[in-house]
Amino acid sequence: MKRLSLIAAMAAILVMISAAASFAAGGLELVSSYPEDGQTNTSMENLGVKLTFSNPINSEEAKKIDEGKFTIVDEDGEKVPTQVLFSEKNDGLILVLADIDKGFTAKNNAKYKLTIDAGLVDNEGNIMEQSKTITFRTYNQKVNTIVNMVMMTVLFGGLMVLTMRQNLKKEEDTPAEETKEAAFNPYKEAKRTGKSVDEIMAEQAKREAKLAKKKARKAGKAEEDKKEKKIENCAGLLNNVYHVHAPAPTNKADRSIEAMKAARKTSSKSSKSRKK
């Protein structure tokens, strides 16, 4: 008896669970939408709403009943021409789009409202008992344009400042050229010193010749230093090349290690005496 009572109780519980599940599955509900209710900054192009329902809605009977259940109006209450698209692959997916072929153009920063009437049915005849509304607003093109212009101005301004800084740094790093002498005016100099113009011209010629010789000596010295430096560095750059302190003696007897050391000492003493 106890076993039969337990089996009867379990059967009753299963019947209640299945009845509740069938009752819950019988209704038609809106699962999600894009844009969502209250969303802002939505696209002005291809204005519309993507709807996902809990049950498949793509049978021919359901399409005939549901096609007139969707309405979009603008913020002035004017009806927007629409087309309703039922998905054949994704069950429960419906697109409600503004029909641009009928001359519709979305407004900037405008509010639109989609209404789904009660009585929407699915393929099995289940009904959505309550109506649904979804409101959304298109993005503000004017504000976006201003923001883009400001960003572009800041970007170009930053690039200009960076370029100017790089140019200034380049000028600072570049060695300054020698200052050019002011143009010589013999008449002005003659008036200042009380000398004749010929005397002034002769003195100027001497100064220019002296300056030219000085520059030539300076350039020749720099060139010699450059050549000497190359010769000194030759031993460090080439293999099997060594500095020679003194010329090797021609006599074979004088080429011993002791003779070479003595020759080097003599050479170093003579060089020190010449320096003194």
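No value in this document is a laboratory result; all are computed from the given coordinates. Not measured: the values here are computed from a predicted model. Positions of Cβ are backbone-derived with ideal geometry, glycine not excepted, and every protein chain shown enters the neighbour counts.
Values as computed for the structure displayed
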{"quantity": "Using a Förster distance of 41 Å, the FRET efficiency for Arg217-Val161 (Cβ separation, nearest 0.05)", "calculated": "0.30"}
{"quantity": "Packing rank of 183-195, 124-136, where each peptide gets the mean count of other beta carbons within 10 Å, highest leading", "calculated": "124-136, 183-195"}
{"quantity": "Extension reserve of the Lys113-Thr193 stretch, reckoned as 0.36 nm per residue once the Cα distance is removed", "calculated": "19.0 nm"}
{"quantity": "Cα→Cβ-extended label distance, 7 Å offset, between Thr52 and Val154, nm", "calculated": "3.6 nm"}
